[in-house]
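Trainee: Dropping a structure here in structure tokens format, bear with me for questions.
A short reminder: the numbers here are calculations on the coordinates, not readings from a lab. This is a predicted model, so every value here is computed, not measured. Please note: Cβ atoms are built from the backbone with ideal geometry, for glycine as well, and neighbour counts cover all protein chains shown.
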Amino acid sequence: MTEANVAPTEELVASDRAFGGDILLMSQPEPGIAVLTLNRPKARNALSLAMLAALSDAIDVVSGDETIRAVILAGEGPVFCAGHDLKELTARRSDDDGGRAFYSQTMSACSDVMIKIVNCPKPFIAAAHATATAAGCQLVATCDLAIAAETANFCTPGVNIGLFCSTPMVALSRNVSRKRAMEMLLLGELIPAAEAADYGLVNRAVPDDKVMDEAMDMARRIASKSAATVAIGKSAFYSQIEKPLERAYTEAAEVMVHNMMARDAKEGIGAFLEKRDPAWDNKS
């Protein structure tokens, strides 16, 4: 999965950007769709502190851009994302504090990025063309949707090197069953894409050369909806899912009332009843 697979049209070239130098690339291959590409192939797209800062900046950009309706997260090179940059982390053991301050900074930055993805009003689709491990697996689990190549594998291998995948555990345990999550965390073994789909970690596994096609098709369908409605729904989904049943229904009902009062709900229902295509205003 390379940037060449999603080359933008000429009129959108000016909107292409690079973050953190060029370790994260952003393109808009079609109106309404942004593609963020992890671009540290030689480092297996490891989440260095610089990469996390670049991701944070890019999420801010797509969150604030009203023309963007859906975001695809892709990777350059043979691995989607190998997790934290262990070479960078190990090098800081020579710090006066043994690296504690830097490790705290890195883990906090990573958590902030994951939270930003969840809080972003635009749906994120992971296009995992290859293996994702540790915090890379966390990244896939954090995205709202995920498409995986049939040859991709997923793993939380920290237990194998004495560093339990505690932060990946947060996203993993919110996407797969407890027993499956514990199996991945305690065994630290690779699971193939088809199994990851059965677990609920990814939406589906597709032929390797179809990953971006599938992600783009999904992004197009999302982009055709009311942006305001999608934003309301995504926020409500993550808000209610951790609440007790009664509180979840109370909150969801309040959201429905708010949504019902929006112009796009009036327009969409009217269009359905009148058997015509809706004309979205995209404002809540």
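Trainee: Looking for whichever is over 20 Å from residue 75 (Cα atoms), touching an Asp or Glu at 6+ places or on another chain (Cβ under 7 Å) and of a type in the set (S, T, N, Q) here; the options are 229, 167. Which one fits?
Mentor: 229
Trainee: Out of region 75-105, which residues are crowded, with 16+ Cβ neighbours inside 10 Å and in a helix (DSSP H, G or I)?
Mentor: 88, 89, 92, 102, 103
Trainee: Still on this model: Working only within region 182-241, note down all residues that are of a type in the set (Asp, Glu) and without any contact (Cβ under 8 Å) to a residue 40 or more places away in the chain.
Mentor: If the condition is that a residue be of a type in the set (Asp, Glu) and without any contact (Cβ under 8 Å) to a residue 40 or more places away in the chain, then 183, 189, 195, 198, 209, 213, 217 are the ones that fit.
Trainee: Also: Please determine whether any residue of region 118-133 is closer than 25 Å to residue 188 by Cα and without any contact (Cβ under 8 Å) to a residue 40 or more places away in the chain.
Mentor: There is no residue in region 118-133 that is closer than 25 Å to residue 188 by Cα and without any contact (Cβ under 8 Å) to a residue 40 or more places away in the chain.
Yes/no per residue for (1) in contact with a Lys or Arg (Cβ under 8 Å, 6 or more places away or on another chain); (2) crowded, with 24+ Cβ neighbours inside 10 Å; (3) of a type outside the set (Val, Ile, Thr); (4) not in a helix (DSSP H, G or I):
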position: 137; (1), (2), (3), (4): no, yes, yes, no
position: 154; (1), (2), (3), (4): no, yes, yes, yes
position: 163; (1), (2), (3), (4): no, no, yes, yes
position: 170; (1), (2), (3), (4): no, no, no, no
position: 176; (1), (2), (3), (4): no, no, no, yes
position: 182; (1), (2), (3), (4): no, no, yes, no
